[in-house]
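The structure appears below as structure tokens.
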Amino acid sequence: MEYKAYTSFDPDFLWGAATASFQVEGAVEEDGKGLSVIDVMPKNPAITDFSVAVDHYHHIEEDVALMAELGLKVYRFSIAWTRIFPNGNGEVNQAGVDFYNRLIDALIKHQIEPLVTIYHFDYPQSLVEQYGGWISRESIEDYRAYAEFLFKTYGDRVKYWLTINEQDHVVRIPSRLGLTGEDHYEQLRLGYQANHHMCVATALTIKTFHELGMEGKIGPAVSYSMVHPASSHPDDILASKDAMLIKHNYLMDLHCYGEYSYSFQRYLEERNFTPAIEEGDLELMKQYPPTMLGVNYYFSEAVRAFPATEEFPIGYQKKSLLPEAEAGVFEVVKNENLAATDWGWEIDPVGLRLTLRELYDRYKLPMIITENGIGAYDKLEEGDMIRDDYRISYLREHIKQVKLAINDGVPMLGYCAWSFMDLVSGRNGMEKRYGFVYINREDFDFKDMRRIKKDSFHWYQKVIASNGEDL
Ligand code: BGP
């Protein structure tokens with residue numbers, strides 16, 4: 001829709017940038033930190049692991065000074081559970097608690113609002129060893145107790161909380177659940193059980209948040225993006241609706257309505273994936289929904305119908321991290337209308353407006369973009385220059401669409417680009433860079449870890465200073 005007149009961003013719009021503990025901190029075995037599932041997962045010899053990352057642990061003052069120079073109003077970061085509770089439960093590690101106190105105090109000193117992710121993929125390995133981790137019901141109380149500790153410790157300064165980052169990814173990536181050895185279907189079945197426990201844990205944590213009388217807002221950071229039909233053929237449109245359900249809406253319906261939607265129940269039943277649900281679980285979720293949503297958005301997808309055959313029977317899934325094809329449901333295909341990144345992620349700014357509209361239509365919660373950005377092979381040139389015009393153009397086009405979504409009537413609290421500084425990519429090491437700040441290290445050469453401002457740093461500085469007018 002077009003309008004005759006457009007409003008601007010609110011004066012208190014939170015311009016920000018994000019990171020996650022395991023991708024930036026390093027120091028994985030320092031100052032009493034326990035091991036997480038990320039620390040123990042099998043290493044890929046072709047890329048760096050996360051043990052040193054970009055050494056943020058030893059650079060927080062310098063890094064926060066750069067955030068202040070950039071003009072950030074909000075900084076999204078995650079707390080490493082195993083710095084606070086090395087075993088996931090039990091003894092507290094004071095050195096870990098102090099580290100985040102220092103970080104939060106430095107942010108506040110520079111008038112940067114901390115936006116804290118309670119748990120971003122780095123689940124305590126000890127909990128996997130104690131009782132199997134998220135696949136066991138015992139996990140619920142340990143997560144809640146950890147979150148309660150954070151509320152009591154940092155809640156005097158932190159007003160915005162994200163419960164679990166990209167739960168849908170966690171439940172489908174076996175190493176992030178600490179699973180080993182099971183076959184693909186068993187992993188999926190266990191994943192849905194883990195998913196249920198995470199939803200109960202989230203609701204209980206939100207209950208605790210209210211009981212403690214915490215100020216501010218809380219909700220999950222969800223990976224949510226439009227799945228377009230590849231054509232106007234009704235079969236493709238049905239496939240896109242089903243893909244939205246299986247990829248995104250099943251989880252949102254649980255978080256926000258405490259329900260397994262009728263169609264998702266059928267999907268689970270047919271595959272023997274229905275999790276064990278205890279009395280009161282769904283009621284609890286209904287009673288304690290999130291008060292905001294964090295939205296991670298990078299790309300959209302297009303799908304066509306994928307009729308089951310003898311060769312590909314119903315339920316057959318291409319074995320991949322995320323669902324890309326499932327016989328009898330959908331298959332992801334190339335969207336000829338869109339360009340893609342070097343990693344094949346299709347760039348779709350309008351898809352972001354659609355995503356925000358879809359989420360608000362369905363769930364009516366205020367939102368903050370918690371991740372949005374482009375991974376690229378940045379090149380450090382003579383004179384410490386990084387000319388990342390492709391990043392500027394990606395971010396500019398997406399921010400324009402956030403503004404349009406606001407004009408559509410969607411309440412947006414803020415926008416966090418991914419990422420503040422270069423960090424170790426989830427699956428691609430150091431070669432896939434996202435930051436406004438370049439970190440001078442390669443996969444297997446730590447160099448000097450110098451922080452260098454990219455062209456996009458100077459551009460975003462102006463965007464923030466002009467409250468989104470100077471794009
Ligand atoms: C999201 C994660 C981030 C980050 C990002 C980019 O799924 O929440 O932690 O990794 O994706 O992904 P990648 O690093 O694989 O390009």
Across Lys379/Lys403; Lys73/Lys462; Lys109/Lys159; Lys33/Lys453, pairs whose alpha-carbon gap is larger than 21 Å
Lys379/Lys403; Lys33/Lys453
Using the Karplus curve 6.51 cos²θ - 1.76 cosθ + 1.60 with θ = phi - 60°, work out ³J(HN,Hα) for each residue of segment 462-471 in order, rounded to whole Hz, and write x for Gly and Pro.
6, 4, 5, 4, 9, 6, x, 7, 9, 9
Once you place label points 7 Å from the Cα toward the Cβ at Ala340 and Glu61, how far apart are they in nm?
4.6
I'd like to compare 183-192, 306-315, 107-116: which one has the highest average count of other Cβ atoms within 10 Å, and what's the full order after that?
107-116, 183-192, 306-315
Using helices alone, I'd like the mean residue ellipticity at 222 nm for the chain: each DSSP H run of four-plus residues gives -39500 (n - 2.57), total over residue count, nearest 500.
-11500 deg cm²/dmol
Indicate the gyration tensor shape class of segment 32-92 (rounded, prolate or oblate), computed on the Cα atoms with a ≥ b ≥ c the square roots of the eigenvalues: a/c under 1.5 is rounded; otherwise a/b larger than b/c is prolate and the rest oblate.
oblate
Quick one: Karplus J couplings for segment 197-210, per residue in order, coefficients 6.51, -1.76, 1.60, θ = phi - 60°, nearest Hz, x for Gly and Pro?
4, 5, 5, 5, 4, 5, 4, 5, 5, 5, 4, 4, 3, 5
Antiparallel versus total DSSP beta bridges in segment 304-463: what percent is that, nearest 5?
75
Counting other Cβ atoms within 10 Å of each Cβ, which trypsin sites (Lys or Arg not before Pro) in segment 396-471 have at most 14 and sit in a DSSP loop?
Arg427, Lys447, Arg450
Given H placed 1.01 Å from N in the peptide plane, which residues other than close sequence neighbours of Ala27 have an amide H under 5 Å from its amide H?
none
So, over other residues within a Cβ distance under 11 Å of Val200, counting Lys, Arg +1 and Asp, Glu -1, the net charge is -1
As a percent rounded to 5, the proportion of antiparallel DSSP bridges among beta bridges in the chain is 30
Under the 7 Å Cα-to-Cβ spin-label approximation, Ser232 and Asp12 lie apart by a distance in nanometres of 4.5
Distance in nm between Arg396 and Tyr185 label points, each 7 Å along Cα→Cβ, equals 5.2
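Just so you know, all these numbers are worked out from the coordinates, no wet-lab data involved. All of these numbers come straight from a predicted model, not from anything done at the bench. Positions of Cβ are backbone-derived with ideal geometry, glycine not excepted, and every protein chain shown enters the neighbour counts.
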